[in-house]
Structures are given as C-alpha cells and as structure tokens.
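No value in this document is a laboratory result; all are computed from the given coordinates. Note that the structure is predicted; figures quoted are calculated from it, not measured. Note: ideal-geometry Cβ built from the backbone for every residue, glycine included; neighbour counts use all protein chains shown.
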C-alpha cells in the first residue's frame, strides 16, 4: 500500500519503522497518512524487494528512485514463494537493517515493539496461519529440519530477543543515530510526537489501532477440530 497524501511534507529525512511485522505497522501507516506524511507499507513485497535489489547491485539503498514522494517506510519484510520451483525466500528486517542505516544515517528510526508473547500469538495466526506454514517450509529448506509449531515459536522468540538487543546496543553506542523505542501497547503518542517534531508534525491524540488479526467462526472451528484430533491421538497412544 502506498499512501498519496503528502500535502504538508516539508522534510526530506526518512522515517523507518524497523520492528517486526505484527507490531503495529499498519497503525504507524495510518498515523503518518493522517499527518500528511507519504508512507509505504510493505507494498506487496516490493519495498523489501527494492532494498534487496539495491544492496545486491550497488551496495547502498536508494528508495527515492522507487518512491520519490514517500518519506516513511513500514513493514519491511520479504516473503516470496516461487511459482516455478516452489523455492521460498524470507528476509527479515534484522538481516538488512545495517544496510538501511548506512544508506540513511540521518533518518528517524522507530523500534516498534510489543509484548513478545502477544507478538508470537499474533504472528502464528497471521494470514490464518499461512505465514507460519510458509515459514516452516522456508526453515526446512534452509536447515533441513522440519519445525513443529513449538520450534517455530522458539525460533521467532530467538530472533526477536537477538534483534532487540543488537539494535539497542548499536543505537546506544552511536549518538548520531536518531531512534525511538516505541511499545505499541504501552508507550505514549506524546513520545512519538516529540521524537519527530524537529521535522514532522504528527496529528491526533492517540495511536491508531489497525491490522489486528481477526478470525471468523469457521476458522475457530478448524482450530478447535485440530486440537481435538491431537487430544484424541494422545489418548489413543497412552490409554
């Protein structure tokens, strides 16, 4: 999704929302849009795809070439399954963040975060579980290990803590980088307003709520049915 309302845009400094997906990226997009800041949210893989392309071809990123009227970027993740050979490639934000920072040292960096347990639940249910299923296939091709739901969750937990620790260490050791640690469930929008006010005017009194995972009754029935099958299988093995 590319926003088109940049009427009040006066700054050429970029804003990067650099936490994981399922951490309020759509809410940030709505916040920027209502403030007149042109924003790119995932863009059907193109956002991360352009970044990867520039890194491979030039070693530096030039988003102005692809999004000349946009200054904010959210939901930077690449998830692609080839229709030809079924090959799966997933590139998380933590794998390309150093390239982004080197290319945009004067940008604003927002570490969007939330309670890790809530994030794990939300991510496992993303796209009705299809995202988790695809991720398992990717990890199998990468490590030749078949991941259970538990193993996938623990892998996500590992990269979550590792990325947060490395980011905070990096930013705290470099006084020139502008960053804000923003918990979408606890932080005040006032912190965000003050952080961006040297170049941007953020409108609104509250942080938007967008992109929450919802499920219909049929999907809930499927989840319950699968749980019952596992329970029955357990009883048959041990009784």
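How much length is gained if the chain between residue 89 and residue 44 is pulled fully straight, taking 0.36 nm per residue apart and subtracting their Cα-Cα distance, in nm to one decimal? Residue separation times 0.36 nm, minus the Cα-Cα distance, leaves 14.8 nm. Percent of C-alpha pairs per 5 Å bin in the stretch 15-214, short distances first: 1, 7, 14, 20, 20, 18, 12, 5, 2, 1. All C-alpha pair distances within the stretch 97-190, sorted into 10 Å bins from zero, spread as 14, 36, 32, 17, 1 percent across the bins. By DSSP, the beta bridges lying fully in the stretch 15-214 are antiparallel in about 20 percent of cases.
I need the semi-axes of the equivalent ellipsoid of the stretch 64-104: take the C-alpha gyration tensor, multiply each eigenvalue by 5, square-root it, list largest first in whole angstrom.
Values: eigenvalues 122, 40, 15 Å².
After scaling each eigenvalue by five and taking roots: 25, 14, 9 Å.
Residues within the reach of a label modelled at residue 210 (point 7 angstrom out along Cα to beta-carbon, backbone nitrogen below 11 Å), restricted to the stretch 112-146: there are none.
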